[in-house]
Amino acid sequence: MTTIARAAFAALGALTLFASATAAGNQKSGSLKQGLVGTWTMVSDTVDQNGTKVAPFRKTPLRSMTLTSDGHFSIVLTDPDVPKFATASRTGGTAEENKTAMVGSIGYFGTYTVSEPDKTVYLRVVASTFPNWRGSDQKRVATLSGDDLTWTNPTPSIGAGNATLVWKRAKPTSRQTAQK
């Protein structure tokens, strides 16, 4: 596992614990930024490519997004149907195994800001498993309703189109609840 990948997953774990602990209080406040803080699980991801609907990570999502109150984010999207490699080594996959794994996942993290008037989230991607996103600035339009978040991405990683991602606020685990 690369140093960036280790750092991303370590950061995701720490962010998840921190964000889940503060999410309940933040969703009651009036601002979009405060309402976004927490950990989210994806319900669906659909890309509209000129009238053709595409589900880039299949219909059985395993995805997590964490947004912290101090402006950091981490997002991991995976297709749970991607088969395991024949070898026990991540770096020992065949060309086909590596392609399938790359097509079936993306992870990225960085910082974010929110424009309250136009309900827009601006992401500054520090690192990504999709190299073209590394160092990029991206825009998402967010609609928040209680524990439901719809976010529109005009620049999906699969190319042209508009992605609509539907997220549900993650509920604290029993371990997180016990730590309060």
Accessible surface, region 33-144, averaged per residue in Å² (probe 1.4 Å): 53 Å²
Net charge, D147 excluded, C-beta distance under 9 Å - Lys, Arg +1, Asp, Glu -1: +2
Whole-Å semi-axes of the ellipsoid equivalent to region 56-180 (Cα gyration tensor, √5λ, descending): 27, 20, 14
Three-way shape call for region 83-150 based on the alpha-carbon gyration tensor, with the a/c threshold at 1.5: prolate
Entries in K33/K139; K139/K171; K119/K168; K53/K168; K53/K139 that, when Cα-Cα distance is taken, lie over 23 Å: K139/K171
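The values are calculated or read from the model by the stated rules, or taken from the named source; none is laboratory data. Please read all numbers here as calculations on a predicted model, not as lab measurements. No Cβ is skipped: glycine too gets one built from the backbone with ideal geometry, and neighbour counts run over all protein chains shown. Keep in mind that these areas ignore ligands, DNA and RNA; they rest on the heavy atoms of the full protein, side chains included. Shrake-Rupley method; radii C 1.70, N 1.55, O 1.52, S 1.80 Å.
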